[in-house]
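Single-structure report; data block below.
The values are calculated or read from the model by the stated rules, or taken from the named source; none is laboratory data. Note that the structure is predicted; figures quoted are calculated from it, not measured. As a convention, Cβ positions derive from the backbone with ideal geometry for all residues, glycine included, and neighbour counts pool all protein chains shown.
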Amino acid sequence: MKNFGIVLIASLFFACTYNKVKEEQETYAAYSAEGKEVKVYTTAKNTDDRLSFKHTLNFVDATQPLETDIAVFVNPDKQFQSFIGIGGAITDASAEVFARLSEDKQNELINAYYGVDGIDYSLLRTTIHSCDFSSESYTYIEEGDKELKSFNIDHDRKYRIPLIKRAMTSASDSLLFYVSPWSPPAFMKGKKDMLKGGKLLPEYCQSWALYYAKFIKAYEAEGMPIWGLTIQNEPMAVQTWESCVYTAEEERDFLKNYLGPTLEKEGLGDKNIVVWDHNRDLISHRANTIFSDPEAAKYAWGIGFHWYERWAGGESMWDNLRNIKESFPDKNLLFTEGCIEAFVETDYQRWSNGERYGKSMINDFNCGTVGWTDWNILLDHTGGPNHVGNFCFSPIHADTRTNELIYTPSYYYIGHFSKFIRPGAKRVSTTCSRSHLISTSFINGDGKMITVVMNDTEEDIAYKLIVANSETTLEIPAHGIQTVIY
């Protein structure tokens, strides 16, 4: 009987294990795409292809790839973070330039960003009072008004609010809208102006926390729902423009002692608070300091980051993002700002600008990032306006001398993601067999799979796309990006 019992237990264990393996195999096989259509959209240097529909292919049964094959492998069974959106910032500069366009060009720009025939943005950021991309420094209160009795957003009604409302009403999905300050009012830092860093003085912490709440309520009273906020744009940078420095401990304490409790008290506890909002280089220290403190962490939805750390060793610091997802899996990663710096009017079509976007987006998403926000949606032919001369590129420029819209490669590279990957999508396991290609994949709520592949080499590359048990063969041009839909 003892031996029989052992045999019986072993048999049951084998049966359970077999059924579990069989179930996993059946689930994997259920994703077979054999015979189904594959649509391919391409953008490539030295061609006319700009988010161009190229052709339709079909899947066949996959075979064992050879060592000489170049392949992109997608495993739909392995899914990761949920996607919240891609978009850009409507700054004072963007809104002022927009207002100078003719009506037909305004409509073109709105459709280019927010229409289904454009790149269909689903995420939006704006500033709490002025930043460098404003024509002047300003706040919403009279100088010295600690009680905020003079608070009003009249400044924004002329240009910025009308453009935000047009974007919101034109978007195919509800725009997820979040806000960021560049600096407290000057008196709250004990300075004569908001520029060149400085720190929030302790006696103004409560007043500054209430300022966020008043801004959110004022915008929402205008019919613009706000999803969340970052605490401080670039809190470790002393900039020539509006800026304010917080150490990790200072940001942690402001969040847990002032901002978090104040938003809750003001009925805004549902707003998603994003910490850091700076580069990838020091992001781990900020995450460790804030997320390891339970009283601060309970208020933090996640951590935001920019891409301006190239001086710190190149755009290769994605391991820092992976570390945060491993260390704090319940916290979210959000790309909050990126642009091409040092504007030169003759370089609108510099192809590497677009490739910088593609490389960053693919790697950021593969590290767990849930959303991606470009900086200004529109600038003029000077890379501004900007009240401190910090002129930059945007995906679309307006030459206000000729009423012309200029689309840069960055616009199309962003569109390869934003047009096809929709809010609520889940990232799917994707790898490449060669470093010549980089790739990411998502599955939308309607079941459509989206794989984006990028080739920044000088050669056209033939590759296999192997999805579960099915495959198809494609070719991606040199300096090209493709979105594959299936």
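Figure legend. Inter-residue proximity from segment 87-99: first residues closer than 16 Å to CYS392 by Cα, second residues in a helix (DSSP H, G or I) and among the charged types (D, E, K, R), beta-carbon distance below 7 Å, spacing 6+ or different chains. Indicated pairs: ILE90/ARG160; ASP92/ARG160; ALA95/ARG160.
Is it the case, given these coordinates, that ALA99 is surrounded by fewer than 17 Cβ atoms within 10 Å (Cβ to Cβ) and within 30 Å of LEU195 (Cβ to Cβ)? When the stated conditions are applied, ALA99 passes them. Of the set (1) buried (at least 19 other Cβ atoms within 10 Å of the Cβ); (2) at pLDDT 95 or above; (3) of a type outside the set (S, T, N, Q); (4) within 18 Å of the chain's Cα centre (by Cα), all apply to GLU309 but (2). Here the condition is being charged (D, E, K, R) and at pLDDT below 50; of GLU26, GLU67, GLU37, it holds for GLU26 alone. Each residue in segment 291-306 was checked for being part of a helix (DSSP H, G or I), out of contact with any Leu (no Cβ under 7 Å at 6 or more places or on another chain) and crowded, with 18+ Cβ neighbours inside 10 Å, and 2 pass. Restricting attention to segment 385-428, the residues that are within 16 Å of TYR348 (Cβ to Cβ) and within 22 Å of the chain's Cα centre (by Cα) total 15. All told, SER433 falls short of being of a type in the set (S, T, N, Q) and over 24 Å from GLY354 (Cα atoms). Inspection of segment 264-277 finds a residue satisfying the criterion of being over 23 Å from the mean Cα position of the chain (by Cα) and in contact (Cβ under 8 Å) with a residue 40 or more places away in the chain. Selection of segment 56-76 for residues being surrounded by fewer than 16 Cβ atoms within 10 Å (Cβ to Cβ), assigned to a strand (DSSP E or B) and of a type outside the set (Ser, Thr, Tyr) yields ASN58, VAL60, ASP61. Kindly indicate whether any position in segment 104-111 is part of a loop (DSSP other than H, G, I, E, B) and in the same structural domain as ALA221 (by TED's automatic domain parsing). The answer is no; no qualifying residue exists. With (1) closer than 22 Å to GLY389 by Cα; (2) in contact (Cβ under 8 Å) with a residue 24 or more places away in the chain; (3) not aliphatic (A, V, I, L, M) as the list, and GLY368 as the residue in question, which single condition is left unmet? Every listed condition holds for GLY368 apart from (1). For residues in segment 182-239 being touching a helix residue (DSSP H, G or I) at 6+ places or on another chain (Cβ under 8 Å), of a type in the set (D, E, K, R) and within 30 Å of PRO162 (Cα to Cα), which is modelled with the lowest pLDDT? Here the residue is ASP193.
Cβ-Cβ contacts under 7 Å between residues 6 or more apart (or on different chains), taken from a first residue in segment 154-172 that is assigned by TED's automatic domain parsing to the domain that holds ARG100 and buried (at least 22 other Cβ atoms within 10 Å of the Cβ) to a second residue that is among the polar types (S, T, N, Q) and assigned to a loop (DSSP other than H, G, I, E, B), are listed as ALA171/SER122. For segment 150-207, give me the residue count where each residue is small (Gly, Ala, Ser) and part of a helix (DSSP H, G or I). The qualifying residues number 4.
All conditions in (1) free of Cβ contacts under 8 Å to residues at least 60 places away in the same chain; (2) of a type in the set (D, E, K, R); (3) buried (at least 19 other Cβ atoms within 10 Å of the Cβ); (4) under 30 Å from ALA167 (Cα atoms) hold for LYS256, with the sole exception of (4). Given the structure, is GLN79 assigned to a loop (DSSP other than H, G, I, E, B) and at pLDDT 95 or above? Spelling it out, it is not the case that GLN79 is assigned to a loop (DSSP other than H, G, I, E, B) and at pLDDT 95 or above. When segment 215-244 is filtered for residues that are assigned to a helix (DSSP H, G or I) and aromatic (Phe, Trp, Tyr), the ones remaining, listed by number, are PHE215, TYR219.
Of all the listed residues (VAL116, VAL40), the sole one being crowded, with 18+ Cβ neighbours inside 10 Å and of a type in the set (Val, Ile, Thr) is VAL40. For first residues located in segment 425-445 and surrounded by fewer than 21 Cβ atoms within 10 Å (Cβ to Cβ), partners that are modelled with pLDDT under 95 and assigned to a strand (DSSP E or B) and lie 6+ apart or on another chain with Cβ distances below 8 Å do not occur.
Residues that are touching a helix residue (DSSP H, G or I) at 6+ places or on another chain (Cβ under 8 Å), of a type in the set (Phe, Trp, Tyr) and closer than 26 Å to GLN106 by Cα are absent from segment 418-429. Scanning segment 327-352 for residues that are over 26 Å from LEU229 (Cβ atoms), part of a helix (DSSP H, G or I) and either out of contact with any strand residue (DSSP E or B) (no Cβ under 9 Å at 6 or more places or on another chain) or β-branched (Val, Ile, Thr) (or both) yields THR346, ASP347, TRP351, SER352. Out of (1) under 22 Å from ILE485 (Cβ atoms); (2) hydrophobic (A, V, I, L, M, F, W, C); (3) touching a Pro at 6+ places or on another chain (Cβ under 9 Å); (4) part of a strand (DSSP E or B), the odd one out for ILE414 is which? Going through the list (1) under 22 Å from ILE485 (Cβ atoms); (2) hydrophobic (A, V, I, L, M, F, W, C); (3) touching a Pro at 6+ places or on another chain (Cβ under 9 Å); (4) part of a strand (DSSP E or B), ILE414 breaks only (4). Might you check whether a residue that is touching a His at 6+ places or on another chain (Cβ under 7 Å), assigned to a strand (DSSP E or B) and buried (at least 20 other Cβ atoms within 10 Å of the Cβ) occurs anywhere in segment 455-469? Yes; the residues of segment 455-469 include at least one that is touching a His at 6+ places or on another chain (Cβ under 7 Å), assigned to a strand (DSSP E or B) and buried (at least 20 other Cβ atoms within 10 Å of the Cβ).
From the list GLU251, GLU264, which residue is in contact with a Phe, Trp or Tyr (Cβ under 9 Å, 6 or more places away or on another chain), surrounded by 21 or more Cβ atoms within 10 Å (Cβ to Cβ) and of a type outside the set (A, V, I, L, M)? GLU251 is the lone residue from the list that is in contact with a Phe, Trp or Tyr (Cβ under 9 Å, 6 or more places away or on another chain), surrounded by 21 or more Cβ atoms within 10 Å (Cβ to Cβ) and of a type outside the set (A, V, I, L, M).
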